[in-house]
2 protein chains.
Amino acid sequence: MTTIKDVAREVGVHPSTVSRALDPARRGRIGEPVVRRILEAAERLGYRPDTVAASLRSGRSNMVGIIVPDIANPVFSPIIGGLEDVLSARGYALIVADPQPQRTGADDIVQRLVARRVDGLVLANVALKDNSIERCLSWKVPVVLVNRAEAEARVPSVVSDDVAGMRLAVAHLLELGHRHILHLAGPQMLSTGSLRRRGFVEAMHEAGFTPADNDIEEAEAFTREAGRAAALRLLARQPEATAIVAANDLLALGIYEALRETGRRCPEDLSVIGHNDMPLVDLVDPPLSTIRISHREMGEQTGQLLLDLIEGVRGDAPYVVTAPLLVVRRSTQPPRISR
Amino acid sequence: MTTIKDVAREVGVHPSTVSRALDPARRGRIGEPVVRRILEAAERLGYRPDTVAASLRSGRSNMVGIIVPDIANPVFSPIIGGLEDVLSARGYALIVADPQPQRTGADDIVQRLVARRVDGLVLANVALKDNSIERCLSWKVPVVLVNRAEAEARVPSVVSDDVAGMRLAVAHLLELGHRHILHLAGPQMLSTGSLRRRGFVEAMHEAGFTPADNDIEEAEAFTREAGRAAALRLLARQPEATAIVAANDLLALGIYEALRETGRRCPEDLSVIGHNDMPLVDLVDPPLSTIRISHREMGEQTGQLLLDLIEGVRGDAPYVVTAPLLVVRRSTQPPRISR
DNA sequence: TTGACTTGCGCAATCGATTGCATTAATCGT
DNA sequence: ACGATTAATGCAATCGATTGCGCAAGTCAA
């Protein structure tokens, strides 16, 4: 491994000069011909700056960490992809950490990442209350939330506009002629779960309806199985309803299973609309109508925001919302002529 | 941030003593009571070792990098998940890098990761020939391939047993009574593409058949669209066939589309079997029979292997294959009574 | 010509932990 | 009881780059 000293010796200058010449930002203070010779020598010797040594002295590591509950989740993986994209374009590396609940708490992970001197942190773990945020705040490490909001907006976050999304879903069903619309909500301890529930209620209100508590059922997790179970409860309670809006595609697929089990058909007997537009939901039977969210774009926005924060471009804590899109497929249709 | 010096001063010993006391491996050389006092003080002061400083001196970073072509790909994300799992359990952090073809070559990424002093590298980029491997070899950084094999087995790799998988698929179709079986192959520049094609041919041979070149068509990418196009070509050429084994689930779904377009039905007119068992293929119409591969497990094995390599536990370059599993759903059934 | 700046670069400290070697104190064999 | 080990800890160099400060030469105005 050739170091900065080797280059310095080769050119006949002091290492510090090499350091400056190699940094485009400080290159200006060095004479033009010297810079050229240094660049040339560095190239020739195959010099690669040692990021670790640089971090130690400068305090910046050019690394950011992201904490996700499940890397393989189709919601989070595109977020990671988008994030990594903008990060690497600016020379940052991304460390992904997936807290194993049984092994170590999420805030221990924050510690570990901070010990690695990450310049910033992205929190994608969706639990509404956990103290990772406090940890970051107390350590003064730049942090942004993604796919998750915080009640007191102390830190910036990037989320989909759940109210707008729910508005789209409700408007679509209303337009088809549905009047009795249910909501299969996600876990209320999770950010998206509660946000979307609120979005649903608000959207219904705007349309002049007042959903009863009975019209909403909460699934215990964002899984097909939990969706199936909750749908069974909900349908037993409200057999007259003609449509359900689910807080998430997985829950919607759970509804499919519940319908099959109870001998109903989608969309003839019940319209179902999901949320997220995850891969392949256009191929299930029936193809799922849903609200499309560009998670990759959310990841990109998160990266931009975090980098701005790290590099001090902005001091405020913006709350970025990305616009959702209605995708109509075949799981929604007008209700049967009723009564 | 409290450093090792602070702890030393607090306890009244030399920093080096603290360093040793904190490392379980070298703790033995330090007196028991001193160790206790150091541990206690470290705890009380909230000491966190600075990983960066340690890396600089020791040369190890406790980080490994993984280079993947697409983080959001349902094949790779569970691999990353499994890998991260075993890595973090042993105190390693995982950097994921996703080479943007247009921006920077994959070997540039290798350089960047090496500059960060990663202790090891996982290559998941599937192109059969690229020189990342050479880079790693020349830099002597431990590397293992995952979901990809190399002709000359210079470096260890973890792959699914494609021959066994194809054997399962072929045996299943044979057992159902199919005799004219086609293969929709993946791109042959990709490791899985060529391995599975070979697997198919070999499995057919073992069963006493000799697939003609005409029975195999290569898709240009592992995507639904490429699968559809290739399936169209293949079906036009071999309208008499009763079954297709696809190199991958996405291709199988592409076949579904081609069938729909040409007015055939699956499984009545043609049986289709995929490969990977990616999420949700049990919900498409019809539910896809496929070969299940545990990508997460592959990721875990990769992690183990890499750590062993890094820590010098083993010097050989093992070639780990994981066993695939046949999952029968509804896209395969006995052929119509023919002739 | 001189004093005030500016420009270009060298000097040396520094970041925080690790580690080979040196040193002191305690233990042992005979 | 004394030299030889052994055990426990201190010392100081080191990893490779960054950076505040300082110095010398050059520039410019008066």
Members of the stretch A:41-74 found to be touching a residue at least 40 places away in the same chain (Cβ under 8 Å) and within 16 Å of DNA strand D (Cβ to nearest atom), listed by number: A:L45, A:G46, A:Y47, A:R48, A:P49, A:D50, A:S55, A:G59, A:R60, A:S61, A:N62, A:M63
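Here are some residues: A:I95, A:I38. Which one is away from DNA strand C (no atom under 16 Å from the Cβ), in contact (Cβ under 8 Å) with a residue 12 or more places away in the chain and open to solvent by less than 20 Å² (accessible area, probe 1.4 Å)? Let's see the steps before the verdict.
Values: A:I38 fails: away from DNA strand C (no atom under 16 Å from the Cβ).
Only one candidate passes the filter, namely A:I95.
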Filter pass, B:A93 being within 7 Å of chain A (Cβ to nearest Cβ) and at pLDDT below 95: no
Boolean, B:V52 is in a helix (DSSP H, G or I) and open to solvent by less than 60 Å² (accessible area, probe 1.4 Å): yes
Residues of the stretch B:57-75 classified as in contact with a strand residue (DSSP E or B) (Cβ under 9 Å, 6 or more places away or on another chain) and either within 16 Å of DNA strand C (Cβ to nearest atom) or under 13 Å from A:I71 (Cα atoms) (or both), total: 6
Which numbered condition B:R29 fails, given (1) open to solvent by less than 70 Å² (accessible area, probe 1.4 Å); (2) more than 23 Å from B:G120 (Cα to Cα); (3) within 12 Å of DNA strand C (Cβ to nearest atom): (1)
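For the stretch B:205-244, what are the residues that are of a type in the set (D, E) and in contact (Cβ under 8 Å) with a residue 60 or more places away in the chain?
Hit for the stretch B:205-244 is B:E240, nothing else.
Return the residue satisfying two criteria in turn: it lies in the stretch B:67-92 and is assigned to a helix (DSSP H, G or I) and among the charged types (D, E, K, R), and of such residues it is surrounded by the most Cβ atoms within 10 Å (Cβ to Cβ).
Per the criteria, the residue is B:E84.
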Qualifying positions in the stretch B:293-339 - in contact (Cβ under 8 Å) with a residue 40 or more places away in the chain and basic (K, R): B:R296, B:R329, B:R330, B:R336
Residue match in the stretch A:98-116 (condition: away from chain B (no Cβ under 14 Å) and touching a Pro at 6+ places or on another chain (Cβ under 6 Å)): no
One residue from B:F209, B:F222 being touching a strand residue (DSSP E or B) at 6+ places or on another chain (Cβ under 8 Å) and more than 25 Å from A:L280 (Cα to Cα): B:F209
Selection within the stretch B:2-12 - open to solvent by less than 40 Å² (accessible area, probe 1.4 Å) and near DNA strand D (Cβ under 10 Å from one of its atoms): B:A8, B:V11
From B:L168, B:L184, B:L190, B:L173, residue being open to solvent by 10 Å² or more (accessible area, probe 1.4 Å) and more than 19 Å from the chain's Cα centre (by Cα): B:L168
Some residue of the stretch A:77-87 being among the hydroxyl-bearing types (S, T, Y), within 14 Å of chain B (Cβ to nearest Cβ) and away from DNA strand C (no atom under 16 Å from the Cβ): yes
Among the residues listed as B:E150, B:E202, the single one being free of Cβ contacts under 8 Å to residues at least 60 places away in the same chain and either out of contact with any helix residue (DSSP H, G or I) (no Cβ under 6 Å at 6 or more places or on another chain) or crowded, with 20+ Cβ neighbours inside 10 Å (or both): B:E150
Condition check for B:D108: under 25 Å from A:R48 (Cβ atoms) and more than 12 Å from DNA strand D (Cβ to nearest atom): yes
Any hit, the stretch A:28-40, residues being aliphatic (A, V, I, L, M), closer than 27 Å to B:S138 by Cβ and either within 14 Å of chain B (Cβ to nearest Cβ) or within 11 Å of DNA strand D (Cβ to nearest atom) (or both): no
A:G120, sole failed condition from (1) among the small types (G, A, S); (2) crowded, with 17+ Cβ neighbours inside 10 Å; (3) within 16 Å of DNA strand C (Cβ to nearest atom): (3)
Conditions (1) under 21 Å from A:V118 (Cβ atoms); (2) modelled with pLDDT of 95 or more: number failed by A:R44: (1)
Scope the stretch B:13-22; condition within 12 Å of DNA strand D (Cβ to nearest atom) and under 25 Å from A:R135 (Cβ atoms); matching residues: B:V18
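Yes/no matrix, rows are residues, columns are (1) assigned by TED's automatic domain parsing to the domain that holds B:R196; (2) open to solvent by 10 Å² or more (accessible area, probe 1.4 Å):
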position: B:A236; (1), (2): yes, yes
position: B:A241; (1), (2): yes, no
position: B:I255; (1), (2): yes, no
position: B:L259; (1), (2): yes, no
position: B:I273; (1), (2): yes, no
position: B:S289; (1), (2): yes, no
position: B:Q304; (1), (2): no, yes
Checklist (1) out of contact with any Gly (no Cβ under 7 Å at 6 or more places or on another chain); (2) open to solvent by 10 Å² or more (accessible area, probe 1.4 Å) applied to A:F222, failing item: (1)
The stretch B:324-339 - residue that is more than 16 Å from B:A171 (Cβ to Cβ) and open to solvent by 80 Å² or more (accessible area, probe 1.4 Å) and, of those, modelled with the highest pLDDT: B:R330
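The values are calculated or read from the model by the stated rules, or taken from the named source; none is laboratory data. Keep in mind that this is a model prediction, so the values were computed, not measured. Heads up, the Cβs are rebuilt from the backbone with ideal geometry, glycines too, and the neighbour counts pull from every protein chain shown. The area values use the complete protein model at the heavy-atom level, side chains included, leaving out ligands, DNA and RNA. Shrake-Rupley method; radii C 1.70, N 1.55, O 1.52, S 1.80 Å.
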